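The values are calculated or read from the model by the stated rules, or taken from the named source; none is laboratory data. On a predicted model such as this, the values are computed, not experimentally measured, just so you know. Positions of Cβ are backbone-derived with ideal geometry, glycine not excepted, and every protein chain shown enters the neighbour counts. Just so you know, the surface numbers come from the protein's heavy atoms only, side chains and all, with ligands and any DNA or RNA stripped out. Shrake-Rupley method; radii C 1.70, N 1.55, O 1.52, S 1.80 Å.
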Amino acid sequence: MIQSQEKPDRVLVRIKDLTVEKADKEVWVRGRIHTSRAKGKQCFLVLRQQQFNIQALVAVGQHASKQMVKFAANITKESIVDIEGVVRKAYQKVGGCTQQDVELHVQRIYVISSAEPRLPLQLDDAVRPEVEGEEDGRATVNQDTRLDNRIIDLRTSTSQAIFCLQSGICQLFRETLIRKGFVEIQTPKIISAASEGGANVFTVSYFKTSAYLAQSPQLYKQMCICADFEKVFCVGPVFRAEDSNTHRHLTEFVGLDIEMAFNYHYHEVVDEIADTMVQIFKGLQERFQTEIQTVSRQFPCEPFKFLEPTLRLEYREGVAMLREAGVEMGDEEDLSTPNEKLLGRLVKEKYDTDFYILDKYPLAVRPFYTMPDPANPKTSNSYDMFMRGEEILSGAQRIHDPQLLTERAKHHGIDLEKIKAYIDSFRFGAPPHAGGGIGLERVTMLYLGLHNVRQTSMFPRDPKRLTP
């Protein structure tokens, strides 16, 4: 095991860069032993580095003895090794490897860190499509086993691709908003009162009193708008004490939040958020095709479709589409999860898009701080955005007048003392503004067509899971 050493002259090369252009060149590569197979006087290794792998050949000859071949064959799976070798063009494509046109002829091999012989799960089983496992009777790995052994599960090519793409979503979110003139802010996560005036909060001990984990950065985003920042965003953890054991709910997730002052109409904000999402989708298509294809090999799905500009429907239009499909629901009734999904399918059939906006929700189903529609007292200046028939953003124009805000809070039966600081923040002049919050894990899940948000949360937290 190497503890520390002087920096050597050699430069370690990335496996993804080993192509036919590097044929006949000597290289040093570090990676994990994915598989090893001895055959006579030679040993075939598959060396893995994140989502890329290459076949390495140790053969008795000028640079390798029988003992070296035996040594290589006995290195345990998942051990980390340094290999010096020559890149050779493969006589035929190497199946099962990302680098199919070349192989590495090993001259020297060093074990940097040895893995225990018995692994809690096999990586080949963990990347096998469930359908293939069922048809061939081969093993697959269930979700709880994956999450209980997350460190191993995260090494799979699928997991590596998922979280590289998720990192890309954050990067594109920041890039796009900074280009649009937004300022990134950091907001407190320990707060004195429930962010949204509700009961679904985690209480924590705070010296001689109690505090709460923030359900949303909304109050602080709005305070920044009142402080004349005009356009702000933040990326950070959000906590929800909801006992929801569904495929799309977590008790802690990463929120991508936006807030913006507008000049004439809240649709200025809606259009800005929608365009931000479109720029993210375009960026993912352009920069992360390798990751998208890696995930789709294990979890096949149709490519994500979107329109530019984004389709925007009013809530009443969505209700009309559902009624035409045989759904019975009232004008002021909120969308259930099954109806959300059905509407997503109907929109896809009619408009050929997986991403759309539903605008003008009934006032009765929105939070107290939502601005009523001045043209219709039963509707509101609020909106949701959907991907593949599931909500990924809920937003609205906020009430910026403290008197109207007080009236709406009373109408909802909210204790005014508990939200006093929130109402007071609008007493010294507040511009009209709107915003919304996006769940990073949910966006990743739906863009890739996955079926559970735990697949896109690195270390998920839900009502039944607090480790690892």
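Flag not set for Leu172, criterion: in a helix (DSSP H, G or I) and either more than 23 Å from Glu272 (Cβ to Cβ) or without any contact (Cβ under 8 Å) to a residue 24 or more places away in the chain (or both).
Each residue in the range 313-352 was checked for being charged (D, E, K, R), under 22 Å from Asn381 (Cβ atoms) and out of contact with any helix residue (DSSP H, G or I) (no Cβ under 7 Å at 6 or more places or on another chain), and 5 of them qualify.
The number of residues in the range 409-430 that are open to solvent by less than 40 Å² (accessible area, probe 1.4 Å) and at pLDDT 95 or above comes to 2.
Figure legend. Inter-residue proximity from the range 308-328: first residues touching a residue at least 60 places away in the same chain (Cβ under 8 Å), second residues of a type in the set (Lys, Arg) and open to solvent by less than 60 Å² (accessible area, probe 1.4 Å), beta-carbon distance below 7 Å, spacing 6+ or different chains. Indicated pairs: Tyr315/Lys360. Note on the range 345-362: among residues that are touching a strand residue (DSSP E or B) at 6+ places or on another chain (Cβ under 6 Å) and in a helix (DSSP H, G or I), the one that is least open to solvent (accessible area, probe 1.4 Å) is Val347. Considering Pro362, Pro374, the condition of being under 23 Å from Ile399 (Cα atoms) and either modelled with pLDDT under 95 or out of contact with any Asp or Glu (no Cβ under 8 Å at 6 or more places or on another chain) (or both) is satisfied by Pro374 alone.
Check the range 122-144 and report whether any residue there is modelled with pLDDT under 90, β-branched (Val, Ile, Thr) and loosely packed, with under 14 Cβ neighbours inside 10 Å. Yes: one or more hits. Assess whether Glu314 counts as being among the acidic types (Asp, Glu) and closer than 25 Å to Gln218 by Cα. Considered against the rule, which asks whether it is among the acidic types (Asp, Glu) and closer than 25 Å to Gln218 by Cα, Glu314 comes out as yes. Residues that are assigned to a loop (DSSP other than H, G, I, E, B) and open to solvent by 70 Å² or more (accessible area, probe 1.4 Å) were ranked within the range 213-233; the one that is nearest to Val269 (Cα to Cα) is Glu230. Within the range 25-52, the set of residues being modelled with pLDDT under 95 and either open to solvent by less than 20 Å² (accessible area, probe 1.4 Å) or at positive phi (or both) comprises Gly40, Gln50, Gln51. Answer with yes or no whether Ser210 is more than 22 Å from Arg398 (Cβ to Cβ), at pLDDT 95 or above and either assigned to a strand (DSSP E or B) or not polar (S, T, N, Q) (or both). For Ser210, the condition - more than 22 Å from Arg398 (Cβ to Cβ), at pLDDT 95 or above and either assigned to a strand (DSSP E or B) or not polar (S, T, N, Q) (or both) - is not met. Against the list (1) over 27 Å from the mean Cα position of the chain (by Cα); (2) of a type outside the set (Asp, Glu); (3) open to solvent by 20 Å² or more (accessible area, probe 1.4 Å); (4) modelled with pLDDT of 95 or more, the condition Ile399 fails is (3). In summary, Phe281 fulfils each of the numbered conditions (1) hydrophobic (A, V, I, L, M, F, W, C); (2) more than 30 Å from Glu132 (Cβ to Cβ); (3) in a helix (DSSP H, G or I) with the single exception of condition (2).
If you go through the range 151-160, how many residues are outside any loop (DSSP other than H, G, I, E, B) and either touching an Asp or Glu at 6+ places or on another chain (Cβ under 8 Å) or surrounded by 16 or more Cβ atoms within 10 Å (Cβ to Cβ) (or both)? Summing the residues that are outside any loop (DSSP other than H, G, I, E, B) and either touching an Asp or Glu at 6+ places or on another chain (Cβ under 8 Å) or surrounded by 16 or more Cβ atoms within 10 Å (Cβ to Cβ) (or both) in the range 151-160 gives 6. Tell me, which residue of the range 295-320 that is among the charged types (D, E, K, R) and farther than 30 Å from Leu363 by Cα is most open to solvent (accessible area, probe 1.4 Å)? Result: Arg297.
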